[in-house]
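Notes follow the structure.
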Amino acid sequence: MTHSPYAKRRQQLLSRLGDGVAIVPTAPERVRNRDSHHPYRFDSYFWYLTGFPEPEAVAVLVGGSTPRSILFCREKNEEREIWDGFRHGPAAAREAFGFDEAWPIGELVQRLPELIANRQTLWHSLGHDADWDARIAAALNAVRAQSRAGKRAPGELRDLRGLLDAMRLVKDAHELDTMRRAADIASAGHARAMRACRPGMAEYELEAELSHEFRRRGADGHAYTPIVAGGANACILHYVENRRLLAEHSLVLIDAGCELDGYAADITRTFPVGGRFSGAQREVYEIVLAAQAAAIAAIRPGVSFMAYHDAALRVLTQGLIDLGLLTGSLDDALAQEAYKPWYMHRTGHWLGLDVHDAGDYKTGDEWTMLLPGMALTVEPGLYIRPAEGVPAHLHGIGVRIEDDVFVTPGGCEVYTTAPRTVAEIEETMRRD
Ligand code: GLY
Ligand code: MN
Ligand code: MN
């Protein structure tokens, strides 16, 4: 028996399937244009359960008294391997990835009806992929066509994501280790961008510094489209053009993280293009940093997912009052959500294989309770667009500070390490 983390997760899932069968396909290859493809990225659920990197693969997990894990994958093919690279083939894949059985992907259509016949439940990510929904319907119909032979199609179709999302929400030791390594690389990328930054550079030049560091340290690339936003571009939350020049006295906001072995890091740093914060920039930065510290202090097992957002909001809103952007009492401003023109997003999200990772935030009216092993981002910000009533010295200042944390038995651990305080950033950028 193999003890790989993937085999362990399959065993865990099998124990929750009842006598049902789960069908977990990986992602298809996608054409970019004509005969060029997007870089291949496996499906996160499939990867979580298999660690198998090839396209055209499906895991079928058969529950019940004799649970089995079956892999369908591409056959060996000398000609295709010369053009496109190595394929395990079913026999080697079964051995290397710890499956009970493996078959050529071409046999799936023929074998699937037999695998699901007379089972009570079929588990699948319904609605995720129309082609797969049609394949599942065809397999069910193929079983129904044999009803006179005593075959019965599963009467219950259930969404597998319910089970897998709950598992993915609490990371195992292998995931924590991989995410730590991803965070180290992403942190080094941000530090490199700080060191390389010079007034007059283009935003894409800083993006290139991050890409370089990610790849040279073995990450697969970016986990999401990076944001490199100079000056007021930082006030556009999803700014991804990254083609403007960086002005000497402005800030630059970089939201970028690498993907390593399928796992995302998600870091934002905001720093002065010229290496020294101005008074106003520093004032806004320190408010956001204090909000982040308050949020981090509010993360521990047993509290609701919303608690750290509320903690950040209090500090940010008090900061907006101190900056003269809001008047009146803190509690009134919070009750009226008066911060919204300058802080319009949540303070974080689950993190894992997907940058906005799987897992419920709410069940019924209750926010999810934090547990040890959960991973989340802490990313407060303030975005001060030029507007009437806003003092000119604050115009176009956009700051976000984003770090990644694990919930631990005693609280949480911030495991991203890029320079974060004003002193750390200015020291990193110092050139003499
Ligand atoms: N980089 C995406 C986010 O921060 O949520
Ligand atoms: Mn994030
Ligand atoms: Mn981010």
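What's the local net charge at residue 427, with K and R +1, D and E -1, over the other residues with C-beta under 13 Å away? Every neighbour counted, the sum reads +2. For the residues 365, 403, 310, a GNM of the chain with alpha-carbon springs under 10 Å puts the largest fluctuation on 365. With a cut-off of 11 Å between beta carbons, the residues surrounding residue 232 carry a summed charge of +2, where Lys and Arg count +1 and Asp and Glu -1.
In nm, to one decimal, how far is the modelled label at residue 109 from the one at residue 133, with both set 7 Å along Cα→Cβ? With each label placed 7 Å out from Cα toward Cβ, I get 2.1 nm. Annotation note: chymotrypsin sites (Phe, Trp or Tyr not before Pro) in segment 1-98 located in DSSP loop regions with a Cβ neighbour count of at most 14 within 10 Å are 40, 86.
Summed over the residues of segment 358-432 and divided among them, the accessible surface reaches 44 Å² per residue at a probe radius of 1.4 Å. Relative to its Kirkwood radius, the Cα radius of gyration of segment 259-381 gives an Rg/Rh of 1.01.
The accessible-area ordering, largest first, of the residues 238, 349, 222 stands as 238, 222, 349, per a 1.4 angstrom probe. Between residue 11 and residue 245, what is the FRET efficiency for a Förster distance of 56 Å, r being their Cβ-Cβ separation, to the nearest 0.05? According to the calculation, E is roughly 0.55.
Note on the chain: with a GNM built from Cα contacts shorter than 10 Å, the maximum mean-square fluctuation among 356, 128, 190 falls on 128.
Among the GluC sites (Glu not before Pro) within segment 369-432, those in coil by DSSP and having at most 15 neighbouring Cβ atoms inside 10 Å are 388. Secondary structure note: in the chain, about 80% of the DSSP beta bridges are antiparallel. Surface analysis of segment 221-336 yields an accessible area of 38 Å² per residue, using protein heavy atoms and a 1.4 Å probe. Here the Gaussian network model covers the chain, with springs between Cα atoms less than 10 Å apart; of 115, 316, 176, 115 fluctuates the most. Only helices enter this figure: runs of n ≥ 4 DSSP H residues, each worth -39500 (n - 2.57), summed and divided by the residues of the chain, yield -11000 deg cm²/dmol at 222 nm to the nearest 500.
Label zone (residue 202, point 7 Å along Cα-to-C-beta; backbone nitrogen cut-off 18 Å) within segment 216-246: 226-231, 233, 239-246.
Comparing the chain with the 2.2 N^0.38 Å rule of thumb, its C-alpha radius of gyration ratio is 1.13 (two decimals). What does the charge count around residue 272 come to, taking other residues whose C-beta lies under 10 Å from its C-beta (Lys +1, Arg +1, Asp -1, Glu -1)? Taking every other residue near residue 272 into account, the sum is 0.
For segment 245-319 and segment 182-199, what is the separation of their Cα centres, given in Å? Value for the Cα centre distance between the two parts: 16 Å. Given R0 = 22 Å, the distance between the Cβ atoms of residue 215 and residue 238 translates into a calculated FRET efficiency of 0.40.
The values are calculated or read from the model by the stated rules, or taken from the named source; none is laboratory data. Everything quoted here is computed from the prediction, not taken from an experiment. Every residue, glycine as well, gets a Cβ built from its backbone with ideal geometry; the counts of neighbours run over all protein chains shown. Accessible surface areas use protein heavy atoms only, side chains included; no ligands, DNA or RNA. Shrake-Rupley method; radii C 1.70, N 1.55, O 1.52, S 1.80 Å.
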